[in-house]
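Structure first, then comments.
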Amino acid sequence: MEEKILYHLRKDYSKISLDTEHLNKDPFVQFGEWFDNALSQESQEANAMILSTSSISGKPSSRVVLLKSFSKQGFVFFTNYNSKKGKDIEENPNVSVLFFWPSAMRQIRIEGFAKKTSQKISENYFYSRPRESQASSALSMQSAPLEQRESFDNSVKTLAGNPGKIIKPKHWGGYNITPRTFEFWQGRIGRSHDRFLYTQENGIWKITPLYP
């Protein structure tokens, strides 16, 4: 394959600036404000976030997951605990997530610690999902090789079509990410972007401007 040069793919970013005076002292409140803005501006999946994990040996892995709730207690998503990400978190609970909202040219990076949610929280979300989603989660061996797609699809349809309750597997549930740091990024014209890092000192959030 020949090298494909992408130097010409360049787009001017937002004229909107971001400074300390415009930032809330609480990064959770600031996140909520930007998230509400993303919900109104983004056409697809404003709650999509790139989750990065690392094995105990330091091998990184990233994928897109969906944020399902957030509060000052943390950021919650759901998955199969036996998946690649689940095994990584079991070995090394330090994770990072990235939100990118191109309409506003904004991104938020969060680094923190992932821990399983309670079974009650996992069950509440599981049974709020469409029945086919429940069936797929109950039958999927996520991240394992899939030899017969048609057979799996038929099994999902059969389970979803049965009148009985679909039991949530013990290996499926939520993770809560407790943040240690937040970084808010606002794209600017000329690539002179605005960046602000939130870190905690003695329970108080400190805001530090960063070079673009």
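Values quoted throughout were computed directly from the atomic coordinates according to the rules given, and no laboratory measurement underlies them. All values derive from a computational prediction rather than experimental measurement. Backbone-built Cβ (ideal geometry, glycine too); neighbour counts: all protein chains shown.
Is at least one residue of the stretch 17-29 under 15 Å from the mean Cα position of the chain (by Cα), part of a loop (DSSP other than H, G, I, E, B) and either more than 24 Å from Arg195 (Cβ to Cβ) or without any contact (Cβ under 8 Å) to a residue 60 or more places away in the chain (or both)?
No, there is no match, as no residue in the stretch 17-29 is under 15 Å from the mean Cα position of the chain (by Cα), part of a loop (DSSP other than H, G, I, E, B) and either more than 24 Å from Arg195 (Cβ to Cβ) or without any contact (Cβ under 8 Å) to a residue 60 or more places away in the chain (or both).
How about the stretch 63-91: which of its residues are closer than 19 Å to Arg180 by Cα and of a type in the set (Gly, Ala, Ser)?
Correct list: Ser69, Ser71, Gly74.
Within the stretch 85-105, track down each residue that is under 15 Å from the mean Cα position of the chain (by Cα) and within 29 Å of Ser43 (Cβ to Cβ).
Lys85, Val95, Ser96, Val97, Leu98, Phe99, Phe100, Trp101
Does Arg188 fit the bill of being surrounded by fewer than 11 Cβ atoms within 10 Å (Cβ to Cβ), farther than 20 Å from Val29 by Cα, out of contact with any Gly (no Cβ under 7 Å at 6 or more places or on another chain) and of a type in the set (Lys, Arg)?
no
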